Structures are given as C-alpha cells and as structure tokens.
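Colleague: The structure that follows is given in the form of structure tokens.
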Amino acid sequence: MDSVFGLLDRKQTIKNAKQFLYEYQDWQLEAARFSFSLQSPMMDGMPKAQSDPRHTRQEDKMIKQATAKMECELRLKTIQLMSSIDDQNAFLADLLEYRFINHYTVKKCCERLAEKYDLNYLPERTYNDYQKQALWVFAIVCPRDTLRAKKVRR
C-alpha cells in the first residue's frame, strides 16, 4: 500500500482535505439559501415574456441547490465510509465529524472523543496527530481526486 500512496505528497494532501472539510459549512449554508429561495412556478394562465428555453432562473437555482447538497453529502458519506472500515477509522471519522461538521473546538473534540472511547484524557497534541491521520485517510477514501496531491518530481 505504501508504494501506491508513496507517490502522494502527504502534507499537501492533508492540507487539501482540511480545506475541503472546512468548506462543508459554506455548502450547507448555500443549500439552505437556495431551498429558501426556490418557489413553485406560477400557473395563472397569463402570458409571460419569452425566456431562453435552455435555462431559466428557477432551473439555475435548482442546479445550484443540488450541487450544494451533493457537496455536503460527499463529505458526510466519506466520513461515514471511514467509520465503517474498522474501530481505528471510526475514531478518526468521529474526530472529523466533531471538528469539521459540528464545528467543535479542539478542546471539546478531545473531551467528546475521550468520553466516547473511554479514554482518561486526550491531549491536544495527540489530537493534532490523530487529526492529520484522519485527514489523510479521508483524502484517500474520498472519491474526489483533487484532494490527493502528487509529489513533484525534480
């Protein structure tokens, strides 16, 4: 397995995964904004001005909303897939969910993880090591190829 992943720039891949997960809240807000603005079409029988039959404003909104929902689901499903692999990856998936989906502080993440996994204490430094590992696994599991950065050959 190292031979395949040895071609990846681990540091940049982790950075890409972190940015990708931070975008979750933006996509969530975007999906909510579009669902609020979508309305049913008016069927009053009155003639309307001709519009471009290929695109309407309403269709554009629906496409943007679907895209936003898909981006949210991609992140959630990847975390869910991680948690189904084994116990270690379930721990890493919970860490990502607490930090990037629920937006807990690092301290609160440490407390929740220690509580859930019956640990006496989870130091923040150890948490940071686990977070790097979790972001790496997330990037490998996620179907979005752009997360995985290739090493630059010199």
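Colleague: Mind scanning LYS11/LYS108; LYS15/LYS64; LYS18/LYS77; LYS18/LYS107; LYS69/LYS108; LYS18/LYS151 and naming the pairs with a C-alpha gap bigger than 20 Å?
Modeller: From the list (LYS11/LYS108; LYS15/LYS64; LYS18/LYS77; LYS18/LYS107; LYS69/LYS108; LYS18/LYS151), the Cα-Cα distance tops 20 Å for LYS11/LYS108; LYS15/LYS64; LYS69/LYS108.
Colleague: On to the next question. Report the gain in length on full extension from ASP145 to GLN88: 0.36 nm times residue separation, minus Cα-Cα distance, nm rounded to one decimal.
Modeller: Separation in residues times 0.36 nm, less the Cα-Cα distance, equals 18.2 nm.
Colleague: Label-point separation (nm) for ASP9 and ILE101, each offset 7 Å from Cα along Cα-to-Cβ?
Modeller: Taking the simple label geometry, ASP9 and ILE101 are separated by 3.0 nm.
Colleague: Using label points projected 7 Å from each Cα along Cα→Cβ, tell me how many nm separate ASP129 and GLU73, to one decimal.
Modeller: With each label placed 7 Å out from Cα toward Cβ, I get 3.8 nm.
Colleague: Can you pull the one-decimal nm distance between simple spin-label points at ILE63 and ASP118, each 7 Å off the Cα toward Cβ?
Modeller: 5.3
Read the figures in this text as sums done on the coordinates, not as results from a lab. Remember, it's a predicted structure, so these values are computed and weren't measured experimentally. We place every Cβ from the backbone using ideal geometry, glycine too, and count neighbours over all the protein chains shown.
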